[in-house]
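Notes to accompany the following structure.
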Amino acid sequence: MGSLKPADAHATDEGFFVTQLDWLVNWGRKNSMWPMPLGLSCCGIELMAMIGPKFDIARFGAEAARFSPRQCDVMIVAGTLTWKMAEAARLIYDQMPDPKWVVAMGVCSSSGGMYDSYSVVQGIDMILPVDVYVPGCPPRPDAVIDALMKLQKKIERERPFQLLLQGDVVGEYDQGTKRFLRAPNHAVPTTRSHEVLPPEGNPRSKA
Amino acid sequence: MSATAPERAGAPATSGSSGTAARVAAALAGVPHTLVHPADGMVSLEIETAAVNEVMSRLRDRAGFDSNTFVTAVDRFPDEPRFIVLWQFLSTTHNDRVRVQTRVPGDAPHVPTITHLWIGTAYFERECYDMFGIRFDGHAGLKRLLMPDGYEHHPLRKDFPHQGIEPDRLYREWDNRRRERSPLRTESQT
């Protein structure tokens, strides 16, 4: 498995001040990723093992699993997401404060897995922007720890202050309500997201 | 657990299905029913849909079947009559079971409810309605049990594709309503 590029590979034509601020902010973010444990099926058991003392994701600053989305940074969707549960999952994601990330743990949440079924979401990227996919049924805690470390590297590559100084990227700002429509680091929806894929392009949308 | 099950007072020791069949036949004397012989050897009756209430109340009160273990249906699509509705009952005093079935047509299938005899049957009938679309007349709250409210299909019918028909429709409608209410939450405005 190839590793992601290190952080300094991108630090070419940026100023010292901004890059150092980015580094500082990213250092803080990546070492305090509080997970939102959305344990939906058997993957939740592996998630508990991962949080527990044996695998101990406290080593990565991610041990503080909060059951309130208001206090979470990374949402770990562990298990089979049904369409009936999808509304709740999306609400939980929306209630998490920015910056936030999503890990699809297990094949069910990554692609629907063996549930090629009318009731199961065929990959949570149909409703959420996913940062890291973890294969396995269920994946071992090691694999999810690997996903957390990959997510840390992904956070290292983010440029929150550069985006802030550019202004345009942050420009999705609603003057009426004085709120950001989109956080600077907000993940981009994947091509499977319904905003990108037209409804008639979805093979599941046949009448 | 002890090696031998404790004897219940007044419970006749039934062995095999012959005792069960005789007890059921005695309880249903005068009510038209047909004995069918499924491969698993369980005592099974086929009855008319109109006789459901009479048969069930006699099974409960005279034959001692005090527990309804499940209600389900069989879809014989495209044959007619399309559905077989199945009830299975357990007697906790005689330690035996009986199965009752009736055939209903595929066009607007409905059978009488038995929730006035076993209140717990309400869940089974809701599930059967949810999965097969069989209505139980007289059920006080016949709504979907597993699938969300507003779902239009009955997934265990044979003519339902296993990948579903627009499985994301309800979610998309909810999502669109939410976005109209609060456009702040959309993550992709570009």
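Of B:117, B:145, which residue is modelled with pLDDT of 90 or more, more than 8 Å from every other protein chain (Cβ to nearest Cβ) and farther than 18 Å from residue B:73 by Cα?
Details: B:145 fails: farther than 18 Å from residue B:73 by Cα.
Checking each option against the conditions leaves just B:117.
I'd like to check something: does the stretch B:105-123 contain any residue that is on the phi > 0 side of the Ramachandran plot and aliphatic (A, V, I, L, M)?
yes
When you scan the stretch A:131-145, do you find a residue that is over 17 Å from the mean Cα position of the chain (by Cα), modelled with pLDDT of 90 or more and facing another protein chain (nearest Cβ under 10 Å), even just one?
Scanning the stretch A:131-145 turns up no residue that is over 17 Å from the mean Cα position of the chain (by Cα), modelled with pLDDT of 90 or more and facing another protein chain (nearest Cβ under 10 Å).
Restricting to the stretch B:155-176, and then to whatever is touching a residue at least 24 places away in the same chain (Cβ under 8 Å) and either facing chain A (nearest Cβ under 8 Å) or among the basic types (Lys, Arg) (or both), can you tell me which residue is surrounded by the fewest Cβ atoms within 10 Å (Cβ to Cβ)?
The initial filter retains those residues of the stretch B:155-176 that are touching a residue at least 24 places away in the same chain (Cβ under 8 Å), namely B:155-159.
From what is left, the residues that are either facing chain A (nearest Cβ under 8 Å) or among the basic types (Lys, Arg) (or both) are B:155, B:157-158.
Working: B:155: 20, B:157: 16, B:158: 11.
If we take residues in the stretch B:155-176 being touching a residue at least 24 places away in the same chain (Cβ under 8 Å) and either facing chain A (nearest Cβ under 8 Å) or among the basic types (Lys, Arg) (or both), then B:158 is surrounded by the fewest Cβ atoms within 10 Å (Cβ to Cβ).
So if I check each of B:20, B:115, B:102, which one is assigned to a loop (DSSP other than H, G, I, E, B) and surrounded by 20 or more Cβ atoms within 10 Å (Cβ to Cβ)?
Numbers: B:20 fails: assigned to a loop (DSSP other than H, G, I, E, B); B:102 fails: assigned to a loop (DSSP other than H, G, I, E, B).
Result of the check over B:20, B:115, B:102: B:115.
Which condition number in (1) touching a helix residue (DSSP H, G or I) at 6+ places or on another chain (Cβ under 8 Å); (2) modelled with pLDDT under 90 is the one that residue B:187 fails?
Tallying (1) touching a helix residue (DSSP H, G or I) at 6+ places or on another chain (Cβ under 8 Å); (2) modelled with pLDDT under 90, residue B:187 fails exactly one: (1).
Only residues that are of a type in the set (Ser, Thr, Tyr) and either without any contact (Cβ under 8 Å) to a residue 12 or more places away in the chain or surrounded by fewer than 21 Cβ atoms within 10 Å (Cβ to Cβ) (or both): list them for the stretch B:118-140, please. Explain how you work it out, then say what you get.
First, pick out the residues of the stretch B:118-140 that are of a type in the set (Ser, Thr, Tyr): B:121, B:123, B:129.
Matches in the stretch B:118-140: B:123 only.
Any idea which of B:89, B:65, B:124, B:77 is of a type outside the set (S, T, N, Q), within 13 Å of the chain's Cα centre (by Cα) and not in a helix (DSSP H, G or I)? Step through it out loud before you land on a result.
Numbers: B:65 fails: within 13 Å of the chain's Cα centre (by Cα); B:124 fails: not in a helix (DSSP H, G or I); B:77 fails: within 13 Å of the chain's Cα centre (by Cα).
Among B:89, B:65, B:124, B:77, only B:89 is of a type outside the set (S, T, N, Q), within 13 Å of the chain's Cα centre (by Cα) and not in a helix (DSSP H, G or I).
In the stretch A:81-112, what residues are aliphatic (A, V, I, L, M) and at the interface with chain B (Cβ under 9 Å from one of its Cβ atoms)? Before you say what the answer is, go through the steps one by one.
Initially, the stretch A:81-112 is screened for residues aliphatic (A, V, I, L, M), giving A:81, A:85-86, A:88-89, A:91-92, A:96, A:102-105, A:107.
Listed by number, the residues that qualify are A:86, A:91.
So which of B:180, B:152 is closer than 30 Å to residue A:88 by Cα and either away from chain A (no Cβ under 14 Å) or buried (at least 19 other Cβ atoms within 10 Å of the Cβ) (or both)? Spell out the reasoning first.
Working: B:152 fails: either away from chain A (no Cβ under 14 Å) or buried (at least 19 other Cβ atoms within 10 Å of the Cβ) (or both).
Result of the check over B:180, B:152: B:180.
Considering only residues of the stretch B:132-142 that are over 10 Å from the mean Cα position of the chain (by Cα) and not in a loop (DSSP other than H, G, I, E, B), which is farthest from the other protein chains (Cβ to nearest Cβ)?
At the first step, the residues of the stretch B:132-142 found to be over 10 Å from the mean Cα position of the chain (by Cα) are B:133, B:135, B:137-142.
Still in the list and also not in a loop (DSSP other than H, G, I, E, B): B:135, B:137.
Working: B:135: 21, B:137: 27 Å.
It comes out as B:137.
Table: residues versus (1) more than 17 Å from the chain's Cα centre (by Cα); (2) in contact (Cβ under 8 Å) with a residue 60 or more places away in the chain; (3) farther than 29 Å from residue B:160 by Cα.
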residue	(1), (2), (3)
A:46	yes, yes, yes
A:66	no, no, yes
A:96	no, yes, yes
A:114	yes, no, no
A:126	no, yes, no
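Mind checking which residues of the stretch A:19-64 are over 22 Å from residue A:104 (Cβ atoms) and aliphatic (A, V, I, L, M)?
Within the stretch A:19-64, A:21, A:24, A:25, A:58 qualify.
Report the residue count in the stretch A:26-44 for those that are under 24 Å from residue A:81 (Cα atoms) and touching a residue at least 40 places away in the same chain (Cβ under 8 Å).
Of the residues in the stretch A:26-44, the ones under 24 Å from residue A:81 (Cα atoms) are A:33-44.
Now restrict to residues that are touching a residue at least 40 places away in the same chain (Cβ under 8 Å): A:33-43.
Residues in the stretch A:26-44 being under 24 Å from residue A:81 (Cα atoms) and touching a residue at least 40 places away in the same chain (Cβ under 8 Å): 11 in total.
Kindly evaluate residue A:108 against the criterion of being under 29 Å from residue B:152 (Cα atoms), outside any strand (DSSP E or B) and at pLDDT 85 or above. Spell out how you get there, then give the answer.
Numbers: under 29 Å from residue B:152 (Cα atoms): yes; outside any strand (DSSP E or B): yes; at pLDDT 85 or above: yes.
Yes, satisfied.
The values are calculated or read from the model by the stated rules, or taken from the named source; none is laboratory data. The structure displayed is predicted, hence computed values, not measured ones. Here the Cβ is made from the backbone with ideal geometry for all residues, glycine too, and neighbour counts use every protein chain on show.
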